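Step one of this worksheet: look at the structure below.
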Amino acid sequence: MKKIRLAVLGSVVSLLAACGSTPNQQPAPVVERTSSTGKVVDAATAPAAPAPSGRGYYTVKKGDTLYRIALEAGQNWRDIVAWNNLTNPNDIKVDQTLRVAPPDRAPGTAQTAAIAASPAAGLEVKPLGAPGTSAPAAPVPVGSNKTGPRGDKRPYSESALAELEKPDAPSAPAASGTSVASAAPSAPAKAEQPHAADKPAAAASQAATDDEGVSWMWPAEGKVVGTFEGGKKGVDIAGKAGQAVLAAGAGKVMYAGSGIRGYGNLVIIKHTSNLLSAYAHNQTILVKEGQSVTKGQKIAEMGKSDSDTVKLHFEIRQQGKPVDPSKYLPPR
């Protein structure tokens, strides 16, 4: 009986020990990634990528509208909407970073295209005369290969055997002191292409030429009552309500509306990639966005929208920055 009690007691102790043991648990997975410095960084605590900044970007400030940002950048507001994938042009937030310049061509595009056109992977290609590599054999002249079949069956004869043993093309020995590379036929010389670093300079030169090619005229008759030197961004021309406002130069209407505070009914014409002109405080707008206009074409009627008096506020902007119109307009 004593032995039975001891056996039962041992079983109970074993059962309690099994219940009290901690089961094996797998640790929660931790997602890690390696930073640019080689350190392992926890993805949950990794800092977010910094917002782009610098030339071509703009950080929204309190009171900004997309139309004013476009005017300051010298761009079409529709382009800014497209570059930033905006669903609502009126829904921009303070401290939001916007691209206000056309996206540059992705770096490495030409190189990627060259790689795509290169031989299949695994095939080693060595340039002619590369350091540390032996020069490839001179190419076999075109037309020297045998045109007759080599695997056909012929009756045995001494002449047939001699024909099969004959080499395909006797290699011409290179002259002494002449390398294989110089003995190979040279490719026709190509016209020298401009270096990549010279392209921005060439584009800037072309843009300057386009700017100089714009023919200007005064956009309205009347007395100049405000000048650029007086702290304004352009000139103010006094006139009568309904008086004709003319395009100061040929171009395309980039904006026509009243979405920019302080300008009233505004027309903006783009003349070149750098130059645009602005016509503010109109009573009536007579053109639409995207419309091409000629120099001297009537685009609006003078008024006093967002102004205390009837006048035309006229600006010329170069790369979005106001410049003195008197340097462009002919003397009166």
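The values are calculated or read from the model by the stated rules, or taken from the named source; none is laboratory data. Here the structure is a predicted model, which means the values were calculated and not measured. Counting neighbours? That spans all protein chains shown, and the Cβs are built from the backbone with ideal geometry, glycine included. Heavy atoms of the whole protein, side chains included, go into the accessibility calculation; ligands, DNA and RNA do not. Shrake-Rupley method; radii C 1.70, N 1.55, O 1.52, S 1.80 Å.
At-a-glance table
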| item | result |
| --- | --- |
| GluC sites (Glu not before Pro) lying in DSSP loop within region 203-278, provided at most 15 other Cβ fall within 10 Å | Glu221 |
| Amide H contacts under 5 Å for Thr284, placed H, 5+ residues apart | Glu301 |
| Tyr57 long-range amide H proximity, modeled H, under 5 Å | Val100 |
| Percent RCO, i.e. relative contact order, over region 253-332, from Cα pairs under 8 Å lying at least 6 residues apart | 28 percent |
| Solvent-accessible area of Tyr58 with every protein chain in place, 1.4 Å probe, in Å² to the nearest 10 | 60 Å² |
| Backbone HN-Hα couplings from phi across region 235-245 [Karplus 6.51/-1.76/1.60, Hz, Gly and Pro as x] | 10, 10, 10, 6, x, 10, 4, x, 5, 5, 10 |
